[in-house]
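Report on one structure; see the data block that follows.
Derivation of every value follows stated rules applied to the coordinates shown; laboratory data play no part. As the structure is a prediction and not an experimental result, all values here were calculated from the model. For neighbour counting, all protein chains shown are included, and Cβ atoms are generated from backbone atoms with ideal geometry for every residue, glycine included.
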Amino acid sequence: MANFATVAIIGLPNSGKSTLLNALVGEKLAAVSQTPQTTRGRILGVVNRGSVQLAFLDTPGIHEAKHVLNQRMLKHVETALAEADLLLWVVDADGFLGPGERDLAKRLKKAKQPVYLLLNKLDLLSKGRLLEKVTQYKDLMGFREIVPIGAKLGQNLEPLWSILERDAPQGDWHFQDDTFTDQTERGMAMEFIREKVLRKTREEVPHGVAVIIERWIESGQDEYPEDLGEGGTFIQAQILVERANHRKILLGSGGEMIRDIRQSAQRELKKLLQRPVRLELHVKVQEDWRNRPEQLDRLNL
């Protein structure tokens, strides 16, 4: 007898949704940074446990839509909510329970699926504060379960696994048993390069950054750099920014910043692709790209 569940991971920006997805799948699928709205699309991670297959959907943080890009991000959330069998609401338990959480609770009260509250960042809380948080959130709405977790350190995930396996509906698996994501190598490469930009520049170049893969040349193809050696991949990527001063920040004094981003991203891509990688980065200014549907289509956003 098989069981299958689509599990949507939802919450406000910076609650730790992508960190949780990576911890559950055991692979780095989603970009992670301290910058809100790092995740822009729906990211799938598939895990098989015995007779149970769980398809996790990481979603963008729920926020106010100020650009066409933000509107599209929130559509990904709506689609995931509609598709899911189970809903995991991830909360930064070290943070403040504010209007954003209260609004989301009102929305989730109407959901037909069971909602599980995950109080994340367990390592930052005393037992007293944790109990206080549990009480506060219990007053917002009824949850199927409340589970304190530490996604970053993989804390207390076994109780969560047990709950999900118990509640997954009966049904055939939707994915082959060797599938763990539907992300392409190029898609993941773009995300990891963007993650390095966000991590290195922090608040200086907040959300007006996107990455486009311009060239992806495998060993044996025309224009493959001979000095890279056999079996590698040459990647040329363009980093889009909205303002000229953002380009200056990204390049840095004497090109130091962009060099640092390139080296850090190249190391990550070698791990991802399991082969030699050479990465070239170019920075281009394109004003207001987040409001241009044709550009968003090109970026698959």
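Taking a Cβ cut-off of under 10 Å around V283, the surrounding Lys, Arg, Asp and Glu residues balance to a net charge of +3, with basic ones at +1 and acidic ones at -1.
Prolate is the label for region 104-252. Its Cα gyration tensor axes, ordered a ≥ b ≥ c, give a/c of at least 1.5 and a/b above b/c.
The peptide list 277-290, 187-200, 102-115, put in order of mean Cβ contacts within 10 Å with the highest first, becomes 187-200, 277-290, 102-115. Amide hydrogen proximity for E280: with H placed 1.01 Å from N in the peptide plane, the residues at 5 or more positions away or on another chain lying under 5 Å are I235, Q236, A237.
With neighbours defined as other Cβ atoms within 10 Å of a residue's Cβ, the residues W216, W89, W173 order from fewest to most as W216, W173, W89.
Can you tell me how region 167-301 classifies by the Cα gyration tensor, rounded, prolate or oblate, using a/c under 1.5 as the rounded cut? Please list the in-between numbers first.
Numbers: a/c = 1.95, a/b = 1.24, b/c = 1.57.
Cα axes put region 167-301 in the oblate bin.
Dipole check for region 185-298: with +1 at the C-beta of Lys and Arg, -1 at the C-beta of Asp and Glu, and the Cα centre as origin, the magnitude is about 480 Debye.
State whether region 137-223 is rounded, prolate or oblate according to the following rule on the C-alpha gyration tensor (a ≥ b ≥ c being the square roots of its eigenvalues): a/c under 1.5 gives rounded; otherwise a/b larger than b/c gives prolate, and the remaining case gives oblate. The shape class here is oblate.
When the listed pairs K17/K121; K106/K138; K106/K127; K28/K248 are checked against a 18 Å cut-off, the alpha-carbon distance exceeds it for K106/K127; K28/K248. Between the amide H of T181 and those of V46, distances stay under 5 Å, these residues lying 5 or more places away or on another chain, with hydrogens modeled in the peptide plane. Which of these values of Kirkwood radius over Cα pairs in Å was calculated from the structure shown: [x] 21.9; [y] 19.7; [z] 20.6? Computing Kirkwood radius over Cα pairs in Å and matching it to [x] 21.9; [y] 19.7; [z] 20.6 gives [z].
Residues whose amide H lies under 5 Å from that of R49, counting only those 5 or more places away or on a different chain, are L54; hydrogens are built 1.01 Å from N in the peptide plane. Estimated from helical segments only, the mean residue ellipticity of the chain at 222 nm is -11000 deg cm²/dmol, where each DSSP H run of four or more residues counts as -39500 (n - 2.57). Nearest 20 debye, what's the magnitude of the dipole of the chain about its Cα centre given +1 on Lys and Arg Cβ and -1 on Asp and Glu Cβ? In total the dipole reaches around 1020 debye.
Each Lys and Arg adds +1 at its Cβ and each Asp and Glu adds -1 at its Cβ; summed about the Cα centre, region 3-167 shows a dipole of about 320 debye. Cβ crowding within 10 Å, taken as a proxy for footprinting-reagent exposure, orders D297, D92, D58 from fewest neighbours to most as D297, D92, D58. Cβ crowding within 10 Å, taken as a proxy for footprinting-reagent exposure, orders K271, K248 from fewest neighbours to most as K271, K248.
Our note on the geometry: Cα centres of region 269-287 and region 251-266, 11 Å apart.
On full extension, the segment bounded by E214 and L228 gains 3.2 nm, given 0.36 nm per residue less the C-alpha separation.
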